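Inspection log for the structure reproduced underneath, given as structure tokens.
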Amino acid sequence: MAPSRLLGSMPFQPEGNLRMRRLLVLGLLLLTACESSGDPEDPNKGRIQGQLSPFQGSTASAGSSSARPAVLQGEEGRKLALAFSRAFAQKRQQLKAAAQGLTSPELPILMPRAGKEALARLPQEEPSLEGEVLVRLEEAGLDEKAALERVQRPGYRAVHKGFASEFIHVIAYEPLDGHMATLAETGRLVAQVGALPGVRFAEKNLRMHAFKAPNDKAYGFQWHYPSLNLPSAWDVQTNESSPVVVAVIDTGIRAHPDLQGQVLPGYDMISDTSNAGDGNGRDNNPNDEGEDEPGGGSSWHGTHVAGTIGASTNNQNGVAGVSWGAKILPVRALGRLGGSSADIVAAMTWAAGGTVTGVPANPNPAKVVNLSLGGASPPQKAYQDVIDAFPNTIFVIAAGNENVNASNTTPCNQQNVICVGSTNFAGKRSSFSNFGSAVDVMASGGEMREDLNGDGYADGVLSTSFDEKGEPAYVFNQGTSMASPHVAGVVALMARLSPNLSRAQAESLLKSTASASSQCNEGCGSGLVNALAALKRLQGGSQDDPPSLGITASQLSFQGSGSQQLVISNLGGGTLQASVAVSGPQASAVSLSPSAVSVPAYGSDAVTVTVNAAGLASGEYSATLTVTSATGAGNATVTVRIRVGAREDKDAFIGFAWQDLTGEWQVDDAAVAEVRVARDYQYSIDLVPHEYYALATIDDDEDGTFFEDTDRSGFWRNVDAFEGIPLEAGQTVTGISFDLVPLAPIGDDAPEPNPETDVGLPCDSSADCPGAGRCNTNYLGGYCTYDCVADESCPEGSRCFNGSCHARCTGPAEGQGSCRSDYVCYDDDTGMGLCLPDCREMPNLCRLGCDARGYCL
């Protein structure tokens, strides 16, 4: 079998240990790509055809991709980029539009900052309510003494804790023997008290809080978690105690601050010394040695996968992991040349707790094993043998990124595994994701050509990695490699809730609770994983729980006409009846199908939101979707942003490089072409036979220097998957199509998601609020806001507090901060704050008084 490839960034390695020594780029001439089709005219050449798909976000330079591929890393990458710049400048000079400032481009540092901060709750809550019961009496207006007379229980001292209404009393039951009442004990008390004469019902005094959103500073960029009904699933289960072990069979893991304390001692299972890159064969050091891409660059693939599963969560730094604390067991099976089936089988065996001759026993067998890898092959008996040998181990495997049927992609096509395809922000199959009957479920894997949530960033999966200097970073990536660890993390939550979780049970629960709205004609399994529904069903969630409305996005962004899905979830029991209405300046441009849904307990349904921009002049427009629950389960608003008119886009340039027998990069004279926007970025180019590597870019800032942070760039096959294209004489290779996404850094000066939010703007009436919100005229100068029941109900850049959306701010507890005049920034314990009126300007605002800085005491 050919060496396995990574199914996220998927670098493919040619035979032999080829290292980039230097670039030899001579006589680069720009040739305009022709519109020809069919066979090449010159029988001694081959033809490559495809189409580029530039990122079309609200701002081309606001997004970020993952780390650059080898061809753009280090000094040799600078030389190649400079060579392209010079060649392109030469062409422009011929066109009397000479480029300026040909300098070596800076490479990106991909460390995100707070951005959209996590949504912590206000105020802080008490730790426990064990022993407390809400008692609804038939008789109204009873005082404390009279109420206590009716609810006494043997063995307990009943204490009246307050009133919830004239009928409902809060009663605490204190055991007479001095022990603390347990939750189970409280449940028994509820049943006993509910059966007493004069009591209509009794129930636990539950601790209610905002859905468990971690306070990791970059959590707000992880749109891919709410799509799986996280964080509401974290209210059911986390891995904060007795964490589940999840093995990551990959390139190894490199030490990263956001993985500190999460990684167990693992093993390097690569037997070939030349492939291992660490000077020996198998050993107990699973460190990712890097240099696994053509030319010696590094994908840090295993580190990215590990971060999605188990990055340190709720630690006020970096990103969150799906499993909220699972322990990661790194097993290195992929090296500089990929990985062999033998090493992967050994890695699977060792990870599951089996014996591998010559290798010490694994002291921490994994319950869940993630494999974001694979190759084109029928099912392998060796893989199946190890899978069958460990029936209690759950193998989660990526489906592959070739946009083909996964029936020939192994080990995804093995029996008794969970094969995972990829979805975009809208919950539809990613353009690259494999499909077919082998796929069991789908999960968020990204689509970086898009910005469907309108936050200005490419819709990739954000996780732990390193920049090109080897410094810890957080980068976006896309692929089924990114989808698979989402499912592995969810399975870890399930296994923490039910330690005896079986493989068949896990697969059945994931399938039976998945969102059918993400199914596809090609074969997307049972649909998008619903973490909450799977956990609740495993828990035996009560249908008696009240319905609760949830939505996965607070903003949808459209580039002209188009359709997206708005996923509506029932985060509680019973049946949620929800309707959606459109309002705002451009309500007539938006249609809904259906306009009402009936969502079963812990399930999801989707409303298709369609924008018809016909007749609208070029510009920016908005409308508002109001989601209303007929059963009193909450309301929510979603902003619809519409941009009409094609952006003044620019032509792209594409180049094809090849490596000679010594590993040196070559670029033929005719191997660089202009790809014109007027031809919808389609290209066709004739080349002499070689195995080519394609890369393309748009000089977005028009400074004559290409592959800069602000330039949209791309590579075949994936955003950082520098994969070869074999070309023979007389052959036409079609479908070499890929995305061009921004390489802009996420740094301390990066714009925050959705800087255009209207929350907090001054107003005299609701007509002054551009996002169709309402004007709170009780606040100084008026305050544009939206009604909300949870943070997810508010636009990006704002947060739900006391039923209304409030603007976020920097400089908490330091006065005005980034708030407008006459407002101060209140600290909300997330590193940011909320803009509220300066109490010195509103004497009746505070119950206990106002301090000298404008804060309520």
Query raised in the report: Applying the selection to the stretch 244-273, what residues are of a type outside the set (A, V, I, L, M) and under 22 Å from the mean Cα position of the chain (by Cα)?
Result: D250, T251, G252, R254, H256, P257, D258, Q260, Q262
Query raised in the report: When the residues of the stretch 431-444 are filtered to those that are at pLDDT 90 or above and assigned to a loop (DSSP other than H, G, I, E, B), which remaining residue is surrounded by the fewest Cβ atoms within 10 Å (Cβ to Cβ)?
Result: S437
Requested in this report: Could you tell me which residue of the stretch 132-157 is farthest from T182 (Cα to Cα), considering only residues that are in contact with a helix residue (DSSP H, G or I) (Cβ under 9 Å, 6 or more places away or on another chain) and hydrophobic (A, V, I, L, M, F, W, C)?
Outcome: L142
Report task. Check the stretch 413-426 and report whether any residue there is surrounded by fewer than 21 Cβ atoms within 10 Å (Cβ to Cβ), in contact (Cβ under 8 Å) with a residue 60 or more places away in the chain and farther than 26 Å from S271 by Cα. Result -> yes
**Report entry** Subset of the stretch 241-275 (residues that are closer than 22 Å to G335 by Cβ and of a type in the set (G, A, S))
**Finding:** A247, G252, A255, G266, S271, S274
Query raised in the report: Could you list, in sequence order, the residues of the stretch 782-791 that are at pLDDT 85 or above and touching a Phe, Trp or Tyr at 6+ places or on another chain (Cβ under 9 Å)?
Result: Y783, T785
Query raised in the report: Is there a residue in the stretch 338-347 that is free of Cβ contacts under 8 Å to residues at least 12 places away in the same chain and farther than 28 Å from M494 by Cα?
Result: no
Requested in this report: Give the residue that is nearest to A255 (Cα to Cα), with candidates limited to residues of the stretch 460-497 that are assigned to a loop (DSSP other than H, G, I, E, B) and in contact with a strand residue (DSSP E or B) (Cβ under 9 Å, 6 or more places away or on another chain).
Outcome: D467
Report task. Enumerate the pairs (first residue in the stretch 290-305 and under 27 Å from H224 (Cα atoms) and polar (S, T, N, Q); second residue anywhere and surrounded by fewer than 24 Cβ atoms within 10 Å (Cβ to Cβ) and modelled with pLDDT under 80) with beta-carbon separation below 6 Å, excluding pairs fewer than 6 apart on the same chain, so at least 6 apart or on different chains. Result -> S298/G290; S298/E291
Report summary line: Those residues of the stretch 470-492 that are of a type in the set (G, A, S) and under 27 Å from N392 (Cα atoms) come to a total of 6
Requested in this report: Can you give me the ranges of the strands (runs of 3 or more DSSP E) entirely in the stretch 89-198 with at least 1 residues that are small (G, A, S) and at pLDDT 75 or above?
Outcome: 156-163, 168-175
Query raised in the report: So is T608 surrounded by fewer than 17 Cβ atoms within 10 Å (Cβ to Cβ), touching a residue at least 24 places away in the same chain (Cβ under 8 Å) and over 30 Å from A673 (Cβ atoms) or not?
Result: yes
Report task. Would you tally the residues in the stretch 583-594 being in contact (Cβ under 8 Å) with a residue 12 or more places away in the chain and either polar (S, T, N, Q) or surrounded by fewer than 20 Cβ atoms within 10 Å (Cβ to Cβ) (or both)? Result -> 8
Requested in this report: Of all residues in the stretch 230-276, count the ones that are modelled with pLDDT of 85 or more, surrounded by 22 or more Cβ atoms within 10 Å (Cβ to Cβ) and of a type in the set (G, A, S).
Outcome: 4
Query raised in the report: Taking the stretch 403-429 as the search range and keeping residues that are out of contact with any helix residue (DSSP H, G or I) (no Cβ under 8 Å at 6 or more places or on another chain) and in a loop (DSSP other than H, G, I, E, B), which one is farthest from A376 (Cα to Cα)?
Result: A426
Query raised in the report: What residue, among those in the stretch 738-766 that are surrounded by 20 or more Cβ atoms within 10 Å (Cβ to Cβ) and among the polar types (S, T, N, Q), is modelled with the lowest pLDDT?
Result: N754
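The values are calculated or read from the model by the stated rules, or taken from the named source; none is laboratory data. Please read these numbers as outputs of a predicted model, since none were measured by experiment. Every residue, glycine as well, gets a Cβ built from its backbone with ideal geometry; the counts of neighbours run over all protein chains shown.
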